[in-house]
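Inspection log for the structure reproduced underneath, given as C-alpha coordinates.
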Amino acid sequence: MISTARYWFLLSLIVLVYIAGMFVTLFENDSAQFAVMAMRMVQENDWFTLIKGTEEYLDKPHMHYWLAALSYKIFGIHDWAYRIPGILATLLGAFSCYGLGKLLYNKDVGRFASLIFMTAQTIVLANIDVRTDAVLTGFTIFAIWQLAAYVEKNALKHIVLGAFGAGMAFSTKGQIALVVIGVSLLCHLAYTRKWKRLLSWKVLVALLVFAVTIAPMLYAYYLQFDLHPEKVIRGKDHRSGIFFIFWEQSFERMSGEGVGKNSSDFFFFFHTFLWVFLPWTVLALIAYWTRLKIFWQQKFAYNPKMEFLTLGGISILFGLISFAQFKLPHYINILIPLYAILSASYLYQLQEKEKQGVAKVILIFQYFILSLVFIFTVLVCFYVFKFEYVHGYFVLIPVLGGIIYFCLKREALYLRIITLSVCSSLLLNGLLNSHFYPRLLEYQGGSTMAEKVEEYDIPVDKIFKISERHTWALDFYDKHPIGILSISELENQSGIWIYATDQELEQLVNNGYHWHEQITVDQFRITRLQIKFLNPDTRQKKLEQVHLVQLD
(Lines give C-alpha, C1' and ligand atoms only; values in the text may rest on other atoms or scores of the structure.)
Protein backbone atom coordinates (compact mmCIF):
# COMPACT_ATOMS: atom_id res chain seq x y z
CA MET A 1 0.00 0.00 0.00
CA ILE A 2 1.05 3.64 0.28
CA SER A 3 4.53 3.93 1.75
CA THR A 4 5.10 5.65 5.08
CA ALA A 5 7.42 8.15 3.39
CA ARG A 6 4.84 9.19 0.78
CA TYR A 7 2.04 9.33 3.35
CA TRP A 8 3.93 11.71 5.63
CA PHE A 9 5.25 13.71 2.68
CA LEU A 10 1.71 14.34 1.39
CA LEU A 11 0.40 15.01 4.88
CA SER A 12 3.19 17.53 5.49
CA LEU A 13 2.34 19.40 2.30
CA ILE A 14 -1.33 19.49 3.30
CA VAL A 15 -0.41 20.97 6.69
CA LEU A 16 1.73 23.62 4.94
CA VAL A 17 -1.30 24.64 2.89
CA TYR A 18 -3.31 24.96 6.12
CA ILE A 19 -0.57 27.05 7.70
CA ALA A 20 -0.50 29.36 4.67
CA GLY A 21 -4.22 29.91 5.15
CA MET A 22 -3.78 30.92 8.80
CA PHE A 23 -2.51 34.35 7.81
CA VAL A 24 -5.25 35.25 5.32
CA THR A 25 -7.49 38.19 6.26
CA LEU A 26 -10.71 37.09 7.96
CA PHE A 27 -13.80 36.81 5.75
CA GLU A 28 -17.00 38.70 6.38
CA ASN A 29 -19.53 37.83 7.62
CA ASP A 30 -19.29 34.80 9.90
CA SER A 31 -15.53 34.40 10.43
CA ALA A 32 -15.00 38.05 11.28
CA GLN A 33 -18.20 38.13 13.33
CA PHE A 34 -17.22 35.13 15.47
CA ALA A 35 -13.69 36.50 15.86
CA VAL A 36 -15.12 39.78 17.18
CA MET A 37 -17.44 37.97 19.58
CA ALA A 38 -14.48 36.04 21.02
CA MET A 39 -12.40 39.23 21.11
CA ARG A 40 -15.03 40.96 23.24
CA MET A 41 -14.87 38.11 25.75
CA VAL A 42 -11.19 38.88 26.28
CA GLN A 43 -11.41 42.67 26.17
CA GLU A 44 -14.43 42.89 28.48
CA ASN A 45 -13.24 40.00 30.66
CA ASP A 46 -16.67 38.42 30.41
CA TRP A 47 -16.46 34.77 29.36
CA PHE A 48 -20.10 33.96 30.02
CA THR A 49 -21.89 36.47 27.80
CA LEU A 50 -22.11 36.19 24.03
CA ILE A 51 -22.92 39.41 22.19
CA LYS A 52 -23.42 39.80 18.45
CA GLY A 53 -23.05 43.51 17.76
CA THR A 54 -25.69 45.05 20.01
CA GLU A 55 -27.74 41.86 20.42
CA GLU A 56 -27.67 39.01 22.92
CA TYR A 57 -26.55 35.87 21.08
CA LEU A 58 -28.54 32.69 21.73
CA ASP A 59 -28.05 30.67 18.53
CA LYS A 60 -24.88 28.70 19.27
CA PRO A 61 -23.12 27.49 22.44
CA HIS A 62 -19.90 28.93 23.77
CA MET A 63 -17.11 26.42 23.13
CA HIS A 64 -15.88 27.78 19.79
CA TYR A 65 -15.71 31.30 21.23
CA TRP A 66 -14.00 30.12 24.40
CA LEU A 67 -11.31 28.32 22.43
CA ALA A 68 -10.74 31.36 20.22
CA ALA A 69 -10.63 33.66 23.25
CA LEU A 70 -8.15 31.32 24.96
CA SER A 71 -5.98 31.47 21.86
CA TYR A 72 -6.15 35.28 22.00
CA LYS A 73 -5.04 35.20 25.64
CA ILE A 74 -2.02 33.09 24.73
CA PHE A 75 -0.99 34.60 21.39
CA GLY A 76 -2.71 37.98 21.23
CA ILE A 77 -5.67 39.14 19.15
CA HIS A 78 -4.69 38.14 15.61
CA ASP A 79 -6.50 36.49 12.73
CA TRP A 80 -4.06 33.58 12.81
CA ALA A 81 -4.66 33.11 16.53
CA TYR A 82 -8.40 32.91 15.88
CA ARG A 83 -7.79 30.07 13.41
CA ILE A 84 -5.55 27.95 15.65
CA PRO A 85 -8.32 26.06 17.55
CA GLY A 86 -10.05 25.15 14.29
CA ILE A 87 -6.86 23.81 12.74
CA LEU A 88 -6.02 21.81 15.87
CA ALA A 89 -9.54 20.38 15.87
CA THR A 90 -9.16 19.45 12.20
CA LEU A 91 -5.90 17.66 12.98
CA LEU A 92 -7.77 15.83 15.74
CA GLY A 93 -10.42 14.96 13.16
CA ALA A 94 -7.79 13.60 10.76
CA PHE A 95 -6.24 11.50 13.54
CA SER A 96 -9.72 10.24 14.47
CA CYS A 97 -10.42 9.30 10.84
CA TYR A 98 -7.18 7.32 10.93
CA GLY A 99 -8.15 5.71 14.23
CA LEU A 100 -11.70 4.83 13.19
CA GLY A 101 -10.58 3.60 9.77
CA LYS A 102 -7.99 1.39 11.43
CA LEU A 103 -10.55 0.12 13.97
CA LEU A 104 -13.18 -0.76 11.36
CA TYR A 105 -10.78 -1.94 8.66
CA ASN A 106 -6.99 -1.62 8.89
CA LYS A 107 -4.10 0.82 9.10
CA ASP A 108 -4.02 1.54 5.35
CA VAL A 109 -7.69 2.50 5.27
CA GLY A 110 -7.03 4.79 8.23
CA ARG A 111 -4.22 6.52 6.36
CA PHE A 112 -6.30 6.95 3.24
CA ALA A 113 -9.19 8.31 5.30
CA SER A 114 -7.02 10.94 7.00
CA LEU A 115 -5.67 12.15 3.64
CA ILE A 116 -9.16 12.28 2.12
CA PHE A 117 -10.56 14.16 5.11
CA MET A 118 -7.78 16.76 5.18
CA THR A 119 -8.04 17.46 1.44
CA ALA A 120 -11.85 17.55 1.07
CA GLN A 121 -12.57 21.05 -0.20
CA THR A 122 -15.08 22.00 2.47
CA ILE A 123 -12.70 20.97 5.27
CA VAL A 124 -9.87 23.08 3.86
CA LEU A 125 -12.27 25.99 3.45
CA ALA A 126 -13.55 25.55 7.01
CA ASN A 127 -10.06 26.36 8.26
CA ILE A 128 -9.86 29.56 6.23
CA ASP A 129 -13.41 30.81 6.61
CA VAL A 130 -13.52 29.63 10.21
CA ARG A 131 -16.91 29.14 11.82
CA THR A 132 -17.95 26.62 14.45
CA ASP A 133 -17.80 23.66 12.06
CA ALA A 134 -14.07 22.88 12.27
CA VAL A 135 -14.22 22.38 16.04
CA LEU A 136 -17.59 20.61 15.78
CA THR A 137 -16.38 18.15 13.12
CA GLY A 138 -13.11 17.34 14.89
CA PHE A 139 -14.69 16.50 18.23
CA THR A 140 -17.67 14.71 16.66
CA ILE A 141 -15.58 12.17 14.73
CA PHE A 142 -13.29 11.82 17.77
CA ALA A 143 -16.33 10.88 19.87
CA ILE A 144 -17.60 8.42 17.24
CA TRP A 145 -14.17 6.77 17.05
CA GLN A 146 -13.82 6.39 20.80
CA LEU A 147 -17.37 5.15 21.36
CA ALA A 148 -17.03 2.64 18.51
CA ALA A 149 -13.77 1.52 20.12
CA TYR A 150 -15.66 1.00 23.38
CA VAL A 151 -18.22 -1.17 21.57
CA GLU A 152 -15.42 -3.28 20.10
CA LYS A 153 -13.03 -3.42 23.08
CA ASN A 154 -15.21 -2.69 26.14
CA ALA A 155 -12.49 -0.47 27.64
CA LEU A 156 -13.44 2.28 30.11
CA LYS A 157 -10.96 4.80 28.65
CA HIS A 158 -12.69 4.70 25.27
CA ILE A 159 -16.18 5.45 26.54
CA VAL A 160 -14.82 8.18 28.82
CA LEU A 161 -12.95 9.84 25.95
CA GLY A 162 -15.99 9.40 23.72
CA ALA A 163 -18.21 11.10 26.28
CA PHE A 164 -15.73 13.97 26.59
CA GLY A 165 -15.62 14.39 22.79
CA ALA A 166 -19.42 14.35 22.62
CA GLY A 167 -19.59 16.99 25.35
CA MET A 168 -17.13 19.23 23.53
CA ALA A 169 -19.02 18.83 20.25
CA PHE A 170 -22.37 19.54 21.94
CA SER A 171 -20.87 22.61 23.62
CA THR A 172 -19.78 23.85 20.19
CA LYS A 173 -22.96 23.66 18.12
CA GLY A 174 -25.63 21.89 20.10
CA GLN A 175 -27.92 18.99 19.30
CA ILE A 176 -26.63 18.20 15.80
CA ALA A 177 -23.45 16.78 17.38
CA LEU A 178 -25.40 14.30 19.51
CA VAL A 179 -27.63 13.34 16.59
CA VAL A 180 -24.64 12.53 14.36
CA ILE A 181 -22.79 10.67 17.12
CA GLY A 182 -25.90 8.82 18.27
CA VAL A 183 -27.09 7.75 14.81
CA SER A 184 -23.62 6.56 13.78
CA LEU A 185 -23.18 4.58 17.00
CA LEU A 186 -26.67 3.06 16.80
CA CYS A 187 -25.96 1.92 13.25
CA HIS A 188 -22.80 0.22 14.49
CA LEU A 189 -24.57 -1.40 17.43
CA ALA A 190 -27.47 -2.57 15.27
CA TYR A 191 -25.17 -4.17 12.71
CA THR A 192 -22.78 -5.82 15.17
CA ARG A 193 -25.57 -6.81 17.62
CA LYS A 194 -23.45 -5.67 20.56
CA TRP A 195 -26.28 -4.03 22.47
CA LYS A 196 -25.02 -5.49 25.73
CA ARG A 197 -22.33 -2.80 25.78
CA LEU A 198 -25.07 -0.38 26.82
CA LEU A 199 -25.91 -2.49 29.89
CA SER A 200 -22.80 -1.56 31.84
CA TRP A 201 -21.83 0.69 34.72
CA LYS A 202 -19.33 2.28 32.32
CA VAL A 203 -22.22 3.97 30.56
CA LEU A 204 -23.12 5.76 33.80
CA VAL A 205 -19.51 6.95 34.11
CA ALA A 206 -19.70 8.23 30.53
CA LEU A 207 -22.92 10.13 31.26
CA LEU A 208 -21.24 11.74 34.24
CA VAL A 209 -18.23 12.77 32.13
CA PHE A 210 -20.56 14.18 29.48
CA ALA A 211 -22.50 16.16 32.10
CA VAL A 212 -19.32 17.60 33.60
CA THR A 213 -18.03 18.55 30.13
CA ILE A 214 -21.16 20.48 29.14
CA ALA A 215 -21.67 22.05 32.59
CA PRO A 216 -19.67 25.26 31.86
CA MET A 217 -21.68 25.89 28.69
CA LEU A 218 -24.99 25.30 30.48
CA TYR A 219 -23.91 27.59 33.33
CA ALA A 220 -23.05 30.33 30.83
CA TYR A 221 -26.48 29.99 29.19
CA TYR A 222 -28.10 30.06 32.63
CA LEU A 223 -26.30 33.26 33.62
CA GLN A 224 -27.02 35.08 30.37
CA PHE A 225 -30.62 34.03 29.75
CA ASP A 226 -32.33 31.97 32.45
CA LEU A 227 -31.52 34.55 35.14
CA HIS A 228 -32.88 37.33 32.92
CA PRO A 229 -36.36 36.43 31.65
CA GLU A 230 -36.90 40.09 30.74
CA LYS A 231 -34.47 39.82 27.81
CA VAL A 232 -36.17 39.76 24.42
CA ILE A 233 -34.51 37.44 21.90
CA ARG A 234 -35.92 37.37 18.36
CA GLY A 235 -39.18 38.89 19.58
CA LYS A 236 -39.66 36.60 22.60
CA ASP A 237 -38.96 37.12 26.28
CA HIS A 238 -38.53 34.47 28.97
CA ARG A 239 -36.02 32.59 26.81
CA SER A 240 -34.28 29.80 28.68
CA GLY A 241 -30.81 29.15 27.33
CA ILE A 242 -30.74 25.64 28.78
CA PHE A 243 -34.12 24.73 27.31
CA PHE A 244 -33.07 26.24 24.00
CA ILE A 245 -29.90 24.19 23.62
CA PHE A 246 -31.53 20.93 24.72
CA TRP A 247 -34.76 21.29 22.76
CA GLU A 248 -35.50 24.37 20.67
CA GLN A 249 -32.29 24.85 18.69
CA SER A 250 -32.49 22.08 16.12
CA PHE A 251 -36.26 22.40 15.73
CA GLU A 252 -35.77 26.06 14.82
CA ARG A 253 -33.25 25.05 12.15
CA MET A 254 -35.47 22.29 10.83
CA SER A 255 -38.59 24.45 10.66
CA GLY A 256 -36.90 27.75 9.85
CA GLU A 257 -38.67 29.40 12.80
CA GLY A 258 -36.62 32.18 14.35
CA VAL A 259 -33.63 31.90 11.99
CA GLY A 260 -35.81 32.07 8.86
CA LYS A 261 -36.16 29.82 5.82
CA ASN A 262 -33.57 29.95 3.05
CA SER A 263 -34.17 26.69 1.18
CA SER A 264 -36.95 24.14 0.99
CA ASP A 265 -35.04 22.25 -1.73
CA PHE A 266 -34.76 18.66 -0.51
CA PHE A 267 -31.87 18.08 -2.93
CA PHE A 268 -29.82 21.07 -1.72
CA PHE A 269 -27.18 18.91 -0.04
CA PHE A 270 -27.08 16.48 -2.95
CA HIS A 271 -25.77 19.05 -5.39
CA THR A 272 -23.76 20.77 -2.64
CA PHE A 273 -21.92 17.50 -2.04
CA LEU A 274 -20.66 17.53 -5.64
CA TRP A 275 -18.26 20.37 -4.79
CA VAL A 276 -17.73 20.16 -1.04
CA PHE A 277 -16.08 16.73 -1.28
CA LEU A 278 -13.85 17.56 -4.25
CA PRO A 279 -11.51 16.10 -5.41
CA TRP A 280 -12.96 12.84 -4.05
CA THR A 281 -16.60 13.23 -5.12
CA VAL A 282 -16.66 10.55 -7.82
CA LEU A 283 -14.90 8.03 -5.59
CA ALA A 284 -17.38 8.72 -2.78
CA LEU A 285 -20.44 8.36 -5.00
CA ILE A 286 -19.25 5.06 -6.46
CA ALA A 287 -18.25 3.82 -2.98
CA TYR A 288 -21.65 4.71 -1.51
CA TRP A 289 -23.67 3.12 -4.30
CA THR A 290 -21.55 -0.05 -4.39
CA ARG A 291 -21.65 -0.52 -0.62
CA LEU A 292 -25.40 0.13 -0.48
CA LYS A 293 -25.99 -2.45 -3.22
CA ILE A 294 -23.91 -5.05 -1.36
CA PHE A 295 -25.82 -4.53 1.90
CA TRP A 296 -29.12 -4.70 0.05
CA GLN A 297 -28.15 -7.95 -1.65
CA GLN A 298 -27.04 -9.43 1.67
CA LYS A 299 -30.25 -8.17 3.31
CA PHE A 300 -28.09 -6.38 5.90
CA ALA A 301 -26.93 -9.70 7.38
CA TYR A 302 -23.90 -9.32 9.63
CA ASN A 303 -20.53 -9.79 7.94
CA PRO A 304 -17.45 -9.38 10.19
CA LYS A 305 -15.46 -8.01 7.23
CA MET A 306 -17.88 -5.12 6.74
CA GLU A 307 -19.21 -2.22 8.80
CA PHE A 308 -22.45 -0.27 8.70
CA LEU A 309 -21.41 2.72 10.80
CA THR A 310 -20.41 4.95 7.86
CA LEU A 311 -23.03 3.92 5.31
CA GLY A 312 -25.89 3.90 7.83
CA GLY A 313 -24.80 7.15 9.42
CA ILE A 314 -24.48 8.92 6.07
CA SER A 315 -27.81 7.64 4.75
CA ILE A 316 -29.90 8.54 7.79
CA LEU A 317 -28.21 11.84 8.58
CA PHE A 318 -28.07 13.06 5.00
CA GLY A 319 -31.79 12.46 4.65
CA LEU A 320 -32.49 14.14 7.99
CA ILE A 321 -30.63 17.39 7.28
CA SER A 322 -32.19 17.53 3.80
CA PHE A 323 -35.58 18.20 5.43
CA ALA A 324 -34.28 21.32 7.20
CA GLN A 325 -35.80 24.60 6.00
CA PHE A 326 -32.61 26.51 6.76
CA LYS A 327 -29.59 25.12 4.91
CA LEU A 328 -26.01 26.23 4.32
CA PRO A 329 -23.27 24.27 2.50
CA HIS A 330 -21.05 23.90 5.57
CA TYR A 331 -23.79 22.05 7.46
CA ILE A 332 -22.62 18.92 5.66
CA ASN A 333 -19.08 19.20 7.11
CA ILE A 334 -19.93 17.05 10.09
CA LEU A 335 -20.54 14.09 7.73
CA ILE A 336 -17.27 14.44 5.81
CA PRO A 337 -15.28 12.10 8.13
CA LEU A 338 -17.81 9.33 7.49
CA TYR A 339 -17.54 9.87 3.75
CA ALA A 340 -13.74 9.85 4.04
CA ILE A 341 -13.68 6.46 5.78
CA LEU A 342 -16.27 4.97 3.41
CA SER A 343 -14.31 6.18 0.36
CA ALA A 344 -10.98 5.01 1.77
CA SER A 345 -12.31 1.54 2.52
CA TYR A 346 -13.73 1.21 -1.00
CA LEU A 347 -10.45 2.33 -2.56
CA TYR A 348 -8.60 -0.22 -0.46
CA GLN A 349 -10.96 -2.97 -1.58
CA LEU A 350 -10.43 -2.02 -5.23
CA GLN A 351 -6.73 -2.59 -4.74
CA GLU A 352 -7.21 -5.79 -2.77
CA LYS A 353 -9.61 -7.33 -5.30
CA GLU A 354 -7.66 -5.90 -8.25
CA LYS A 355 -10.70 -4.29 -9.85
CA GLN A 356 -8.71 -2.51 -12.53
CA GLY A 357 -11.73 -1.44 -14.59
CA VAL A 358 -13.42 0.60 -11.85
CA ALA A 359 -10.07 2.01 -10.72
CA LYS A 360 -9.34 3.22 -14.26
CA VAL A 361 -12.72 4.96 -14.45
CA ILE A 362 -12.04 6.75 -11.15
CA LEU A 363 -8.53 7.67 -12.31
CA ILE A 364 -9.92 9.22 -15.50
CA PHE A 365 -12.22 11.41 -13.41
CA GLN A 366 -9.28 12.40 -11.18
CA TYR A 367 -7.29 13.43 -14.25
CA PHE A 368 -10.28 15.49 -15.37
CA ILE A 369 -10.58 17.21 -11.98
CA LEU A 370 -6.84 17.91 -11.94
CA SER A 371 -7.05 19.38 -15.44
CA LEU A 372 -9.82 21.76 -14.27
CA VAL A 373 -7.61 22.82 -11.37
CA PHE A 374 -4.75 23.42 -13.82
CA ILE A 375 -6.98 25.63 -15.97
CA PHE A 376 -8.23 27.54 -12.91
CA THR A 377 -4.64 28.05 -11.74
CA VAL A 378 -3.54 29.45 -15.09
CA LEU A 379 -6.57 31.75 -15.32
CA VAL A 380 -6.02 33.13 -11.82
CA CYS A 381 -2.28 33.63 -12.10
CA PHE A 382 -2.22 35.03 -15.62
CA TYR A 383 -5.55 36.86 -15.86
CA VAL A 384 -7.86 37.22 -12.83
CA PHE A 385 -5.20 38.29 -10.31
CA LYS A 386 -1.89 38.40 -12.12
CA PHE A 387 1.24 37.80 -10.08
CA GLU A 388 2.65 41.13 -8.97
CA TYR A 389 6.18 39.79 -8.62
CA VAL A 390 8.13 37.55 -10.95
CA HIS A 391 9.13 35.13 -8.17
CA GLY A 392 5.53 33.89 -8.12
CA TYR A 393 6.10 32.27 -11.49
CA PHE A 394 9.33 30.69 -10.26
CA VAL A 395 7.30 28.97 -7.53
CA LEU A 396 4.34 28.04 -9.73
CA ILE A 397 6.29 26.43 -12.58
CA PRO A 398 8.20 23.86 -10.43
CA VAL A 399 4.95 22.99 -8.61
CA LEU A 400 3.16 22.34 -11.89
CA GLY A 401 6.19 20.38 -13.11
CA GLY A 402 6.11 18.16 -10.01
CA ILE A 403 2.43 17.40 -10.50
CA ILE A 404 2.99 16.58 -14.17
CA TYR A 405 5.71 14.16 -13.08
CA PHE A 406 3.24 12.26 -10.87
CA CYS A 407 0.68 12.33 -13.71
CA LEU A 408 3.15 10.57 -16.02
CA LYS A 409 4.68 8.24 -13.44
CA ARG A 410 3.76 4.59 -13.95
CA GLU A 411 2.64 3.02 -10.68
CA ALA A 412 -0.31 1.16 -9.15
CA LEU A 413 -3.68 2.67 -10.02
CA TYR A 414 -4.76 3.23 -6.43
CA LEU A 415 -1.50 5.09 -5.70
CA ARG A 416 -2.06 7.33 -8.70
CA ILE A 417 -5.64 7.99 -7.60
CA ILE A 418 -4.50 9.00 -4.12
CA THR A 419 -1.49 11.04 -5.22
CA LEU A 420 -3.21 12.91 -8.05
CA SER A 421 -6.26 13.67 -5.92
CA VAL A 422 -4.12 15.06 -3.12
CA CYS A 423 -2.12 17.04 -5.70
CA SER A 424 -5.37 18.56 -7.02
CA SER A 425 -6.27 19.76 -3.55
CA LEU A 426 -2.73 20.99 -2.84
CA LEU A 427 -2.54 22.96 -6.08
CA LEU A 428 -6.00 24.48 -5.74
CA ASN A 429 -5.83 25.40 -2.06
CA GLY A 430 -2.18 26.34 -2.11
CA LEU A 431 -3.05 28.86 -4.83
CA LEU A 432 -6.17 30.06 -2.99
CA ASN A 433 -4.45 30.50 0.36
CA SER A 434 -1.22 32.07 -0.85
CA HIS A 435 -2.42 34.18 -3.77
CA PHE A 436 -6.13 34.26 -4.65
CA TYR A 437 -7.61 35.01 -1.21
CA PRO A 438 -5.01 37.68 -0.28
CA ARG A 439 -5.69 39.51 -3.56
CA LEU A 440 -9.44 39.02 -3.29
CA LEU A 441 -9.57 40.38 0.24
CA GLU A 442 -8.06 43.65 -0.91
CA TYR A 443 -11.63 44.37 -1.99
CA GLN A 444 -13.13 43.73 1.45
CA GLY A 445 -13.76 47.27 2.56
CA GLY A 446 -13.70 46.79 6.34
CA SER A 447 -10.30 45.13 6.58
CA THR A 448 -8.79 47.49 4.00
CA MET A 449 -10.15 50.49 5.89
CA ALA A 450 -8.61 49.16 9.11
CA GLU A 451 -5.20 49.39 7.39
CA LYS A 452 -5.95 53.04 6.59
CA VAL A 453 -6.96 53.70 10.18
CA GLU A 454 -3.62 52.37 11.35
CA GLU A 455 -1.71 54.19 8.62
CA TYR A 456 -3.22 57.59 9.49
CA ASP A 457 -3.16 56.89 13.24
CA ILE A 458 -6.89 57.55 13.66
CA PRO A 459 -8.15 56.92 17.23
CA VAL A 460 -10.41 53.86 17.01
CA ASP A 461 -12.63 55.14 19.82
CA LYS A 462 -13.46 58.15 17.64
CA ILE A 463 -14.91 56.04 14.81
CA PHE A 464 -18.69 55.60 14.65
CA LYS A 465 -21.40 54.48 12.24
CA ILE A 466 -24.92 55.84 11.82
CA SER A 467 -26.71 52.52 11.22
CA GLU A 468 -26.74 49.04 12.69
CA ARG A 469 -25.17 47.42 9.62
CA HIS A 470 -22.45 45.01 10.67
CA THR A 471 -18.82 46.05 10.29
CA TRP A 472 -17.08 42.91 11.56
CA ALA A 473 -13.80 43.16 9.67
CA LEU A 474 -13.21 46.78 10.68
CA ASP A 475 -14.20 45.95 14.27
CA PHE A 476 -11.72 43.09 14.44
CA TYR A 477 -8.72 44.68 12.79
CA ASP A 478 -9.23 47.90 14.74
CA LYS A 479 -9.56 45.68 17.84
CA HIS A 480 -12.45 47.91 18.83
CA PRO A 481 -16.15 47.43 17.94
CA ILE A 482 -17.45 50.57 16.26
CA GLY A 483 -19.95 52.59 18.24
CA ILE A 484 -23.32 53.64 16.82
CA LEU A 485 -24.66 57.20 16.82
CA SER A 486 -27.91 58.35 15.29
CA ILE A 487 -27.76 61.37 12.98
CA SER A 488 -29.39 63.53 15.66
CA GLU A 489 -26.68 62.52 18.16
CA LEU A 490 -23.91 63.83 15.91
CA GLU A 491 -24.67 67.48 16.67
CA ASN A 492 -22.70 67.72 19.89
CA GLN A 493 -19.82 65.51 18.79
CA SER A 494 -16.47 66.92 17.74
CA GLY A 495 -13.47 65.32 16.07
CA ILE A 496 -15.31 62.10 15.31
CA TRP A 497 -15.03 59.92 12.22
CA ILE A 498 -18.01 58.28 10.51
CA TYR A 499 -17.67 54.97 8.65
CA ALA A 500 -20.30 55.08 5.94
CA THR A 501 -21.58 53.78 2.63
CA ASP A 502 -22.48 56.05 -0.31
CA GLN A 503 -26.09 56.13 0.83
CA GLU A 504 -25.12 57.05 4.39
CA LEU A 505 -22.89 59.88 3.17
CA GLU A 506 -25.88 61.22 1.28
CA GLN A 507 -27.91 61.11 4.50
CA LEU A 508 -25.22 63.14 6.25
CA VAL A 509 -25.21 65.75 3.49
CA ASN A 510 -29.00 65.99 3.52
CA ASN A 511 -28.87 66.65 7.28
CA GLY A 512 -26.39 69.48 6.91
CA TYR A 513 -23.15 67.74 7.91
CA HIS A 514 -19.84 68.45 6.20
CA TRP A 515 -16.32 67.08 6.37
CA HIS A 516 -12.88 67.98 5.09
CA GLU A 517 -11.15 64.65 5.63
CA GLN A 518 -12.30 61.60 3.66
CA ILE A 519 -10.78 58.16 3.09
CA THR A 520 -12.41 55.91 0.49
CA VAL A 521 -11.74 52.24 -0.28
CA ASP A 522 -13.32 49.69 -2.60
CA GLN A 523 -15.90 47.26 -1.27
CA PHE A 524 -17.17 43.95 -2.64
CA ARG A 525 -19.00 41.09 -0.91
CA ILE A 526 -16.12 38.65 -1.44
CA THR A 527 -18.06 35.55 -0.38
CA ARG A 528 -20.45 36.08 -3.30
CA LEU A 529 -18.15 36.02 -6.29
CA GLN A 530 -19.42 36.97 -9.73
CA ILE A 531 -17.94 36.44 -13.19
CA LYS A 532 -17.99 40.17 -13.86
CA PHE A 533 -15.97 40.80 -10.73
CA LEU A 534 -13.42 38.10 -11.56
CA ASN A 535 -13.01 39.60 -15.03
CA PRO A 536 -10.50 42.47 -14.66
CA ASP A 537 -12.13 44.31 -17.57
CA THR A 538 -15.53 44.54 -15.85
CA ARG A 539 -14.46 44.39 -12.19
CA GLN A 540 -14.68 48.12 -11.57
CA LYS A 541 -18.37 48.12 -12.48
CA LYS A 542 -19.15 45.65 -9.68
CA LEU A 543 -17.31 47.55 -6.95
CA GLU A 544 -18.92 49.75 -4.34
CA GLN A 545 -17.11 52.08 -1.96
CA VAL A 546 -17.06 52.66 1.78
CA HIS A 547 -15.82 55.86 3.36
CA LEU A 548 -14.35 57.23 6.55
CA VAL A 549 -15.02 60.94 7.01
CA GLN A 550 -14.13 63.35 9.81
CA LEU A 551 -17.02 65.68 10.47
CA ASP A 552 -16.33 69.42 10.67
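The values are calculated or read from the model by the stated rules, or taken from the named source; none is laboratory data. Here the structure is a predicted model, which is why all the values come from computation and not from measurement. Cβ: placed from backbone, ideal geometry, glycine included. Neighbour counts: every protein chain shown.
Computed values, structure above
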| read-out | value |
| --- | --- |
| Condition broken by residue 190, with the remaining ones in (1) at pLDDT 95 or above; (2) over 22 Å from residue 38 (Cβ atoms) satisfied | (1) |
| Answer residue from the stretch 12-41, given it is crowded, with 18+ Cβ neighbours inside 10 Å and without any contact (Cβ under 8 Å) to a residue 40 or more places away in the chain and is farthest from the chain's Cα centre (by Cα) among those | 41 |
| Every pair of residues 6+ apart whose Cβ atoms lie under 9 Å, when the first sits in the stretch 77-90 and is in contact (Cβ under 8 Å) with a residue 40 or more places away in the chain and closer than 13 Å to residue 19 by Cβ while the second is part of a helix (DSSP H, G or I) and of a type in the set (Lys, Arg) | none |
| Test: residue in the stretch 419-433 that is in contact (Cβ under 8 Å) with a residue 40 or more places away in the chain and surrounded by fewer than 16 Cβ atoms within 10 Å (Cβ to Cβ) | no |
| Residue in the stretch 484-497 that is farther than 30 Å from residue 381 by Cα, within 32 Å of the chain's Cα centre (by Cα) and surrounded by 12 or more Cβ atoms within 10 Å (Cβ to Cβ) present | yes |
| Criterion (among the basic types (Lys, Arg) and modelled with pLDDT under 90) met by exactly one of 528, 539, 439 | 528 |
| Criterion (small (Gly, Ala, Ser), surrounded by fewer than 19 Cβ atoms within 10 Å (Cβ to Cβ) and over 24 Å from residue 303 (Cβ atoms)) met by exactly one of 215, 177, 190, 220 | 215 |
| Subset of the stretch 295-311 that is more than 35 Å from the chain's Cα centre (by Cα), surrounded by 11 or more Cβ atoms within 10 Å (Cβ to Cβ) and free of Cβ contacts under 8 Å to residues at least 24 places away in the same chain - its residue that is farthest from residue 102 (Cα to Cα) | 298 |
| Residues (under 16 Å from the mean Cα position of the chain (by Cα), of a type outside the set (Val, Ile, Thr) and over 23 Å from residue 167 (Cβ atoms)) located in the stretch 103-126 | 118, 120, 121, 125 |
| Qualifying residue in the stretch 531-551 (condition: under 17 Å from residue 28 (Cβ atoms) and among the charged types (D, E, K, R)) | yes |
| Restricting the stretch 337-382 to residues that are within 26 Å of residue 100 (Cα to Cα) and under 23 Å from the mean Cα position of the chain (by Cα), the residue that is surrounded by the most Cβ atoms within 10 Å (Cβ to Cβ) | 341 |
| Unique match (being more than 21 Å from residue 62 (Cβ to Cβ), β-branched (Val, Ile, Thr) and in the same structural domain as residue 311 (by TED's automatic domain parsing)) among 179, 205, 130 | 205 |
| Tally, over the stretch 67-99, of residues that are over 17 Å from the mean Cα position of the chain (by Cα), under 21 Å from residue 476 (Cβ atoms), of a type outside the set (A, V, I, L, M) and crowded, with 17+ Cβ neighbours inside 10 Å | 3 |
| Pairs, first among the aliphatic types (A, V, I, L, M) in the stretch 217-244, second part of a strand (DSSP E or B), C-beta under 7 Å, six or more apart | 233/56 |
| Answer residue from the stretch 393-420, given it is more than 29 Å from the chain's Cα centre (by Cα) and of a type in the set (A, V, I, L, M) and is modelled with the lowest pLDDT among those | 408 |
| Test: residue in the stretch 52-61 that is modelled with pLDDT of 95 or more, closer than 22 Å to residue 214 by Cα and surrounded by 24 or more Cβ atoms within 10 Å (Cβ to Cβ) | no |
